[in-house]
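The values are calculated or read from the model by the stated rules, or taken from the named source; none is laboratory data. Remember, it's a predicted structure, so these values are computed and weren't measured experimentally. Positions of Cβ are backbone-derived with ideal geometry, glycine not excepted, and every protein chain shown enters the neighbour counts.
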Amino acid sequence: MSERMGFFTDTSVCIGCKACEVACKTWNDVPADGMDLLGMSYDNTGSLNANTWRHVAFIEQTVEDDTRWLMSSDVCKHCTEAGCLDVCPTGALFRTEFDTVVVQADVCNGCGYCVPACPFGVIDRREDDGRAWKCTLCYDRIRDGLTPACATACPTESIQYGPLDELRERADKRLEELHAKGEKDARLYGRSPDDGVGGAGAFFLLLDEPEIYGLPENPVVTTRDLPAMWKRAGVAAVAVVAGVAASFLGKR
Amino acid sequence: MAECHPVGFQWVMAAKARGAKIIHIDPRFTRTSAVSDLFVPIRAGSDIAFLGGLVNYVLRHGKEFREYVVAYTNAAALINEDFRDTEDLDGLFSGYDPEGHVYDHTSWAYQGAEAQALAGDPEDRTGGRRHQEAAQAEKRGSGGAPVSAKPDVDLTLEHPRCVFQILKRHYARYTPEMVEEICGVPAPKFLEVAEAITANSGRDRTTALCYAVGWTQHTVGVQYIRTASILQTLLGNIGRPGGGILALRGHASIQGSTDIPTLFNILPGYIPMPHARQHLDLASFVARDAGRTGFWGNMDAYTVSLLKAWWGEHATAENDFCFDYLPRLTGDHGTYDTVLRQINGECKGYFLVGENPAVGSANGKLQRLGLANLDWLVVRDLQMIESATFWRDGPEIETGELRTEEIGTEVFFLPAAAHTEKDGSFTNTQRLLQWHHKAVEPPGDARSDLWFYYHLGKLVRHKVRASPDPRDLPLQHLTWSYAEEGPLGEPSADSVLAEINGNGPDGPLSAYTELRTDGSTTCGCWIYCGVRAGGVNQAARRKPGQEQTWVAPEWGWAWPANRRIIYNRASADPAGRPWSERKKYIWWDASEGRWAGADVPDFEPTKPPDFTPEPGAKAQHALAGDDPFIMQTDGKAWLFAPAGLADGPLPTHYEPLESPYSNPLYSQQVNPAMQRYEHPANPYNGSAFPYVVTTYRLTEHHTAGGMSRTLPYLSELQPEFFCEVSPELATERGLEHLGWATIITSRTAIEARVLVTRRMKPLRMGGQVVHQVGLPYHWGPNGLSMGDAANDILGVAADPNVHIQESKAATCDIRPGRRPRGQAMLDLVEEYRRRG
Amino acid sequence: MGVRQWLRSWPVIRQITGDDPSGRGNAVRSAATERTAPRTAHADSVTRSICPYCAVGCGQRVFVQDGRVTQIEGDPDSPISRGRLCPKGSASKQLVTSPSRVTKVLYRRPYGTDWEELDLGQAMDMIAERVLATRAATWQQRDEDGLTLRRTLGFASLGGATLDNEENYLMKKLYTALGAVQIENQARI
């Protein structure tokens, strides 16, 4: 196992250029995703989905007479406790040697269990082929020592790629700096191993509440209660079998 | 800058991380504003007032970098006693001819040094709009207009007629309150900017100004830049690291396209095209146009070397080096003038080479009427652009103004090669030439533009090879042999670069100082001389940045002479010492007897700081060791321009041609020397248009869209034409977010989806509320992402110096709903025209 | 692949026998995953280039395989861009490989209602003929005062500013020799 690799997206230096979106699509041959003027500021992508693995959100705020325009490039969080991975029945989703979570397109059968399992709404099925797609953290590139496409392109180093431990250290320092400058609402998101997904492999520095950016405030891995659920499911299954048996018996 | 030059903006972000303060001044709140320390919304078309306010602040509070100003600028020069300022003449400078709408520059001259007007011909100075319009000012792309000698000076800067005092009086009324009234910027906010800029300039600190076409596309565009130059020169921010006025150019080689121009008024290296009345022969050409001092004093050598490059052995001293082969100008032959000639039938053929004027030029209808009246049109592009399809789907077909079956234009569409399919060099926004290598062959019939012109030249030359007509001599004698490569017969771009670089008796030249007047040297573009020094393509150098100094002199090649900061002699004090350790760049190394530093000195390398020229010296030998502005005839930065400009020696605020507001400074409302283009399809707006409108770009698209609206990955990011309005304007006009709006001027009406956003802010100018409508201009009817073309609503009126159109400030009306179709659309516009 | 090896490649076998009992890591890696490598690793050549969009002049590396551009990304050596590209620069591959690029010469005859295909050589010859004919018909040798003009205002040119310096040079040189003066560029606009 290599070191755990990840993304630190520092939204305080994001200029919303969307280079990450295009670089990602170009490298990964992700199809274009429709031509809709959404009216969500300059965001016409809308959200992460099967055909959008990086998504830049634009949030316009007015505080008294001052305008603030927040921009943030969202991506799969590559959770420590990944719901999508837990529920995948085919082994299409797997955890790589970099501790990232990747879908194997040649294995995925399009069952779609992973889709509701993601607390962030990231993973999604493509309409045409039915399979599930999401950010791979450019698994092919990083296996060869390259940087993922989005982080390679990012003009302002808003997207940083590296060993997660290093990124966390860097992020802590950056947060301190911003707090010292009076950015009191600045916070790290997905940084803590104690959060609901056990910490994210791709985490963020935000300048406001996560919900403002369309991120859940306290994401919890959907499979957290899985053992208990299995137990309950087991009881239910026994009951069903019993019921079925009873019905057969009854018919007889 | 973040919006249109995101990767360049990484350096701004890097500076910010190190404590630099970023101020963004713009009519709209952009991606740049989002990460700036201070955003200052401003009324489009009012920047001279803002910058003039800063100049006034500097002068009033004694914030100028005095030692720099006295030594390196013309602040001390005394001006002719006949000079009258706009403050004396209610908005006019002395010398204005109200009949011809032109200035006679004579009274703007230095005292004691009769300013040589752009051309010696008095007719050219005093009258004849056509003559002045030969855009002589634009050839100043590398140095100011010639003046004949050094002026009388008052180094105390106290003389009432010295430039410094004239400047002080001229800008005295540009107070914070006046800035507020003209620009809609509250006085306290203006003062915050003024304090920040002045505190960050001087010995230890420098401030940089960055601009783009938001400053150039005005009827006073050149004067916008001049105001910035005055401010930066007063603060000592020119020729020094971290300073400067940086033009953020929007196309890969737009700098190169003026250096080696495809522009009507200049030859390569900013040598003017000869004018029929002034330049009867080579002697009159170089005598009248070359400054007698400074490096332009060698214009004869530059010109002869160019003529030798083009006509080779046929160019001899006896025949004036074929000077007579050059066609002559008689006035404005710029692109908008040409369009009018197309409409009146005089201009019958047209080449469009990677350009889409049906979308990208102001007043698209005018453009398309021109295209529709041609005999033949050649379009070269990657994709099927609107300028090639106007005859079947242009807006005039829809309105019934044009009918496909009645358009006689013969159209050739020739597919072009992409940058990956050809060798060649781009010159970027900092004068840096960078070579791109061919990676693959172009597909199908696609060819490079180099291939097209080389083979067209071969064909044409073949067809006239036996012609006895003397007009064909320049073709017959033209040097036109370039190595052909590969299966397509691609001419070698490197061999063309070799011709541009030039040769002497000993082979490739390495510097323009080697050029001679006797015909022994050839050089296709003197400022590029050295790009192939030693026979090596210096533009292709790619020593990794990490392995070089921060100046990175071994990456590509910058003109002139690989200098990265121009006029860098000014980074040292008059004695040749760095102004400060922190801002050390180029300095005099007395022990070595030469200038040293991280960059190539923009100065003669061994001329000591205390050098005093001999009386009567010529060219660079007439400049002293502390004259850093070596392309200027007097070696000084011009706070006041005693020659060279068509509309005044000092910038002053005029309203845009189309403005809902009166000029609070003078009864002279607009630039009195601006250039108008009279045509029924180009009417100017009257009073029926209450709102200010401006156009701009988005990160996701590129100019007129040919290279972005055709690509799925970019189109989906900004899929449709939209307008941006404030919530207040939306309420006033009943506009709904994501609904449709129709934007109307006296030219036409267009429709756009509406984005209501607080990023557009109504401004207050005195008692008036200013509403601005923002229009990104990338769209047209073709491609994947479609919409009306914003440029269609703009009129054509231009800066008199460079003929660039005013497309960044105009007036419009806006109303909810889609625009009418067919005749109803024409009726709507007609109704507005009637209203005034 | 022997039977034993084949059996071992079964995810479920790997799950039971390996270090990944939950079947969420190594046990489920497919053969394709094992082979994963960046496509740039197989490139036949990497060509140094410059972004064709704005004038910042970012360095690009163009990866080519089997005569086709397979990837364009930033050149980390460039002291200007440090390997970065904006969305337009990042879309360069789509720009040069776009299926909507026109690759045939097209011709619209006067008053025509549609495009026709035309041979490139024939088009070149027709254009050369048009240039010379228009030039001859509109030639101005002298003005009304007898001063030399030596020019034609009969045809014009407007170039984009993505033209290479070498291209602009040949254009200006040829046009000037032809006596054409209405030679313009986006730089005016």
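Go through region C:150-179 and give me each residue that's within 7 Å of another protein chain (Cβ to nearest Cβ) and farther than 20 Å from B:PRO491 by Cβ. Walk me through it before giving the result.
Restricting attention to region C:150-179, the residues satisfying the condition of being within 7 Å of another protein chain (Cβ to nearest Cβ) are C:150-151, C:153-174, C:176-179.
Once the filter is applied, which keeps residues that are within 7 Å of another protein chain (Cβ to nearest Cβ) and farther than 20 Å from B:PRO491 by Cβ, region C:150-179 yields C:ARG150, C:ARG151, C:LEU153, C:GLY154, C:PHE155, C:ALA156, C:LEU158, C:ALA161, C:GLY179.
Has region B:20-27 got at least one residue that is crowded, with 20+ Cβ neighbours inside 10 Å and away from chain A (no Cβ under 14 Å)?
Yes, the conditions are met somewhere in region B:20-27.
Being touching a residue at least 40 places away in the same chain (Cβ under 8 Å), in a helix (DSSP H, G or I) and over 16 Å from B:ARG747 (Cα atoms) is the filter here; which residues of region B:358-397 pass it?
Selection gives B:GLU386, B:THR389, B:ASP393.
Six or more apart or on different chains, Cβ atoms under 7 Å: show the pairs whose first residue is in region B:483-500 and surrounded by fewer than 22 Cβ atoms within 10 Å (Cβ to Cβ) and whose second is hydroxyl-bearing (Ser, Thr, Tyr).
Note: pairs meeting the criteria are B:ALA483/B:SER492; B:ALA483/B:SER495; B:GLU485/B:SER492; B:SER492/B:TYR482; B:SER495/B:TYR482.
Provide a single number: the residues in region A:21-35 that are part of a loop (DSSP other than H, G, I, E, B), within 7 Å of chain B (Cβ to nearest Cβ) and under 19 Å from the mean Cα position of the chain (by Cα).
Residues meeting the conditions: 1.
When both residues are 6+ apart or on different chains and their Cβ atoms are under 8 Å apart, which pairs have a first residue that lies in region C:86-115 and is over 12 Å from C:VAL69 (Cβ atoms) and within 7 Å of chain B (Cβ to nearest Cβ), and a second that is surrounded by fewer than 17 Cβ atoms within 10 Å (Cβ to Cβ) and of a type in the set (Lys, Arg)?
The qualifying pairs are C:THR113/B:ARG392.
Any residue in region B:232-252 that is part of a helix (DSSP H, G or I), surrounded by fewer than 24 Cβ atoms within 10 Å (Cβ to Cβ), away from every other protein chain (no Cβ under 14 Å) and among the aliphatic types (A, V, I, L, M)?
no
Please pick out the residue among B:ASN671, B:ASN663, B:ASN682 that is in contact with a helix residue (DSSP H, G or I) (Cβ under 6 Å, 6 or more places away or on another chain), away from chain A (no Cβ under 14 Å) and of a type in the set (S, T, N, Q).
On the way: B:ASN671 fails: in contact with a helix residue (DSSP H, G or I) (Cβ under 6 Å, 6 or more places away or on another chain); B:ASN663 fails: in contact with a helix residue (DSSP H, G or I) (Cβ under 6 Å, 6 or more places away or on another chain).
The unique qualifying residue is B:ASN682.
Taking B:PRO683 as meeting all but one of (1) modelled with pLDDT of 95 or more; (2) buried (at least 17 other Cβ atoms within 10 Å of the Cβ), write down the number of the exception.
(2)
Condition first: outside any helix (DSSP H, G or I), surrounded by 18 or more Cβ atoms within 10 Å (Cβ to Cβ) and of a type outside the set (A, V, I, L, M, F, W, C). Now tell me which residues in region B:158-172 satisfy that.
B:HIS159, the sole residue that qualifies.
Would you say C:ALA123 is facing another protein chain (nearest Cβ under 7 Å) and among the aliphatic types (A, V, I, L, M)? Break it down into steps so the answer makes sense when it comes.
Working: facing another protein chain (nearest Cβ under 7 Å): yes; among the aliphatic types (A, V, I, L, M): yes.
Judged against the criteria, C:ALA123 is a match.
Kindly indicate the residue of region B:553-588 that is surrounded by fewer than 17 Cβ atoms within 10 Å (Cβ to Cβ) and farther than 21 Å from B:GLY635 by Cβ and also nearest to the chain's Cα centre (by Cα) among those meeting that condition.
B:LYS584
Search region B:433-445 for residues that are small (Gly, Ala, Ser) and pair each with any residue that is surrounded by fewer than 21 Cβ atoms within 10 Å (Cβ to Cβ) when their beta-carbon atoms are under 6 Å apart and the residues are at least 6 apart or on different chains.
Every condition considered, the pairs that remain are B:ALA439/C:THR47; B:ALA439/C:VAL64; B:GLY444/C:THR103; B:GLY444/C:LYS104.
What do you reckon, is B:VAL692 in contact with a Lys or Arg (Cβ under 9 Å, 6 or more places away or on another chain), of a type in the set (A, V, I, L, M, F, W, C) and away from chain A (no Cβ under 14 Å)?
yes
Considering only helices (runs of 4 or more DSSP H) fully contained in region C:1-110, which possess at least 2 residues that are closer than 30 Å to B:TRP376 by Cα and modelled with pLDDT under 95?
none
Could you pull out every one of the helices (runs of 4 or more DSSP H) wholly within region A:68-148 that has 1 or more residues that are among the acidic types (Asp, Glu) and farther than 17 Å from A:ALA202 by Cβ?
Numbers: elements: A:83-87, A:114-117, A:139-143.
Those helices (runs of 4 or more DSSP H) span A:83-87, A:139-143.
Can you tell me which residue among B:ARG753, B:ARG697 is within 28 Å of the chain's Cα centre (by Cα) and within 14 Å of chain A (Cβ to nearest Cβ)? Even if it seems obvious, please write down each step before you answer.
Working: B:ARG753 fails: within 28 Å of the chain's Cα centre (by Cα).
B:ARG697 is the lone residue from the list that is within 28 Å of the chain's Cα centre (by Cα) and within 14 Å of chain A (Cβ to nearest Cβ).
Can you confirm whether B:ARG341 is at pLDDT 95 or above, of a type in the set (D, E, K, R) and more than 18 Å from B:PRO683 (Cα to Cα)?
No: the conditions fail for B:ARG341.
Just give me the residues in region B:480-491 being assigned to a loop (DSSP other than H, G, I, E, B), within 9 Å of chain C (Cβ to nearest Cβ) and touching a strand residue (DSSP E or B) at 6+ places or on another chain (Cβ under 9 Å), in sequence order.
B:TYR482
Only one residue in C:GLY74, C:GLY57, C:GLY67 is within 16 Å of B:HIS5 (Cβ to Cβ) and either more than 7 Å from every other protein chain (Cβ to nearest Cβ) or out of contact with any helix residue (DSSP H, G or I) (no Cβ under 9 Å at 6 or more places or on another chain) (or both). Which one?
Numbers: C:GLY74 fails: either more than 7 Å from every other protein chain (Cβ to nearest Cβ) or out of contact with any helix residue (DSSP H, G or I) (no Cβ under 9 Å at 6 or more places or on another chain) (or both); C:GLY67 fails: within 16 Å of B:HIS5 (Cβ to Cβ).
Criteria check complete, one pass: C:GLY57.
A:SER12 passes all but one of (1) within 12 Å of chain B (Cβ to nearest Cβ); (2) surrounded by fewer than 24 Cβ atoms within 10 Å (Cβ to Cβ); (3) outside any helix (DSSP H, G or I); which number fails?
Of everything listed in (1) within 12 Å of chain B (Cβ to nearest Cβ); (2) surrounded by fewer than 24 Cβ atoms within 10 Å (Cβ to Cβ); (3) outside any helix (DSSP H, G or I), A:SER12 misses just condition (3).
Of the numbered conditions (1) facing another protein chain (nearest Cβ under 7 Å); (2) part of a helix (DSSP H, G or I); (3) aliphatic (A, V, I, L, M), C:ALA133 satisfies every one except a single condition; which is it?
Evaluating C:ALA133 over (1) facing another protein chain (nearest Cβ under 7 Å); (2) part of a helix (DSSP H, G or I); (3) aliphatic (A, V, I, L, M) leaves (1) as the failure.
Tell me yes or no: at least one residue of region B:759-775 is more than 30 Å from C:VAL102 (Cβ to Cβ), more than 26 Å from the chain's Cα centre (by Cα) and among the β-branched types (Val, Ile, Thr).
There is at least one residue in region B:759-775 that is more than 30 Å from C:VAL102 (Cβ to Cβ), more than 26 Å from the chain's Cα centre (by Cα) and among the β-branched types (Val, Ile, Thr).
Checking the conditions here, which among C:TYR107, C:TYR53 is among the aromatic types (Phe, Trp, Tyr) and under 21 Å from the mean Cα position of the chain (by Cα)?
When all the criteria are applied, what remains is C:TYR53.
Quick check on region A:36-47. Is at least one of its residues crowded, with 24+ Cβ neighbours inside 10 Å, in contact with a Phe, Trp or Tyr (Cβ under 7 Å, 6 or more places away or on another chain) and either more than 7 Å from every other protein chain (Cβ to nearest Cβ) or of a type in the set (S, T, N, Q) (or both)?
Among the residues of region A:36-47, at least one is crowded, with 24+ Cβ neighbours inside 10 Å, in contact with a Phe, Trp or Tyr (Cβ under 7 Å, 6 or more places away or on another chain) and either more than 7 Å from every other protein chain (Cβ to nearest Cβ) or of a type in the set (S, T, N, Q) (or both), which makes the answer yes.
Residue by residue, here is whether (1) within 14 Å of chain C (Cβ to nearest Cβ); (2) crowded, with 24+ Cβ neighbours inside 10 Å; (3) without any contact (Cβ under 8 Å) to a residue 24 or more places away in the chain holds:
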position: B:PRO470; (1), (2), (3): yes, no, yes
position: B:LEU478; (1), (2), (3): yes, no, no
position: B:ASN503; (1), (2), (3): no, no, yes
position: B:TYR512; (1), (2), (3): no, yes, no
position: B:LEU515; (1), (2), (3): no, yes, no
position: B:ARG541; (1), (2), (3): yes, no, yes
position: B:GLY545; (1), (2), (3): yes, no, yes
position: B:VAL551; (1), (2), (3): yes, no, no
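So, of the residues in region B:423-447 that are charged (D, E, K, R) and closer than 20 Å to C:SER78 by Cβ, which turns out to be farthest from the other protein chains (Cβ to nearest Cβ)?
B:ARG431
State the number of residues belonging to region B:715-766 that are assigned to a loop (DSSP other than H, G, I, E, B) and among the aromatic types (Phe, Trp, Tyr). Talk me through it step by step, then tell me what you get.
First, pick out the residues of region B:715-766 that are assigned to a loop (DSSP other than H, G, I, E, B): B:716-719, B:721, B:726, B:734-739, B:745-748, B:757-762, B:766.
Then drop every residue that is not among the aromatic types (Phe, Trp, Tyr), which leaves B:721.
Counting residues in region B:715-766 that are assigned to a loop (DSSP other than H, G, I, E, B) and among the aromatic types (Phe, Trp, Tyr) gives 1.
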